[in-house]
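First the structure, in the form of structure tokens, and then the observations on it.
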Amino acid sequence: MKHLFLLRHAKSGYSDDIPRDFDRPLNARGERAAETIGRYCRRERLAFDAAIASDAVRCVQTVAGVESGLGAALGVQWQRGLYLASAATLLEAVQALPGAASHALLVGHNPGLEDLIFDLVPEGDPLRDQVYEKFPTAALAELVAEGGWSDFGAAAAPGAVRLTRFVRPRDLDPSLGPDGD
């Protein structure tokens, strides 16, 4: 059984002083949200034996906040190709995860992350409906599939991938919502 955790980067700021989208840092609320998700992971005893992430500044800072809250390093492999990646590109990255890993974390961007969920999880799933309503910044989703990483994909039987967890920062700390992003 494989557990894939999708984490959208935390809330970033906008500034005319930062000319490239890639370089946008987290704002104060984003920093708090990332650490809150890390504390949630620690409390739930979530551990990841593989972690990949976009190397955009806001993803790097999100990982740092999660590590701070978790109290452990994630050992992330930074991948430029995950920056604003499509669901298809994200799926390729998932399918390339080490076979020995059973719990993997992917940190990235929307709309790719939510599109990946929509592609893999059948309609009618109550958590999928929540994602459809909104996959806010710093939200964490867990997808589970029997078998290997290749079982995450369009060729999988309907219902082969299940969405078992969807946690938003505001679920853990009401001061972190509602999101305007």
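Quick check, is residue 76 among the β-branched types (Val, Ile, Thr), closer than 16 Å to residue 139 by Cα and either open to solvent by less than 60 Å² (accessible area, probe 1.4 Å) or touching a Pro at 6+ places or on another chain (Cβ under 6 Å) (or both)?
No.
Would you mind stating whether residue 97 is surrounded by 15 or more Cβ atoms within 10 Å (Cβ to Cβ), in a loop (DSSP other than H, G, I, E, B), at pLDDT 95 or above and on the phi > 0 side of the Ramachandran plot?
no
Please go through (1) in a helix (DSSP H, G or I); (2) of a type in the set (A, V, I, L, M); (3) farther than 22 Å from residue 118 by Cα for residue 88 and return the number of the only condition it doesn't satisfy.
(3)
I'm checking my understanding of the structure. Among residues of the stretch 1-58 that are hydroxyl-bearing (Ser, Thr, Tyr) and assigned to a loop (DSSP other than H, G, I, E, B), which one is most open to solvent (accessible area, probe 1.4 Å)?
From the stretch 1-58, those hydroxyl-bearing (Ser, Thr, Tyr) are 12, 14-15, 36, 40, 54; that's our starting set.
Then keep just the ones that are assigned to a loop (DSSP other than H, G, I, E, B); that gives 14-15, 54.
Details: 14: 181, 15: 51, 54: 0 Å².
This residue is 14.
Evaluate the following for residue 81: is it part of a helix (DSSP H, G or I), within 25 Å of residue 27 (Cα to Cα) and open to solvent by less than 40 Å² (accessible area, probe 1.4 Å)? Spell out how you get there, then give the answer.
On the way: part of a helix (DSSP H, G or I): yes; within 25 Å of residue 27 (Cα to Cα): yes; open to solvent by less than 40 Å² (accessible area, probe 1.4 Å): no.
When the stated conditions are applied, residue 81 does not pass them.
Identify the residue in the stretch 59-73 that is out of contact with any helix residue (DSSP H, G or I) (no Cβ under 7 Å at 6 or more places or on another chain) and open to solvent by less than 50 Å² (accessible area, probe 1.4 Å) and, among all such residues, is nearest to residue 36 (Cα to Cα).
63
If residue 123 passes every condition in (1) part of a loop (DSSP other than H, G, I, E, B); (2) within 23 Å of residue 59 (Cα to Cα); (3) open to solvent by 10 Å² or more (accessible area, probe 1.4 Å); (4) not β-branched (Val, Ile, Thr) but one, which one does it miss?
(2)
Just give me the residues in the stretch 96-123 being polar (S, T, N, Q) and over 15 Å from the mean Cα position of the chain (by Cα), in sequence order.
102
The values are calculated or read from the model by the stated rules, or taken from the named source; none is laboratory data. Treat the numbers as computed from the prediction; the structure is a model and nothing was measured. A quick note on method: Cβ atoms are made from the backbone with ideal geometry, for glycine too, and the neighbour counts reach across all protein chains shown. Side chains included, ligands, DNA and RNA excluded: accessible areas come from the protein's heavy atoms. Shrake-Rupley method; radii C 1.70, N 1.55, O 1.52, S 1.80 Å.
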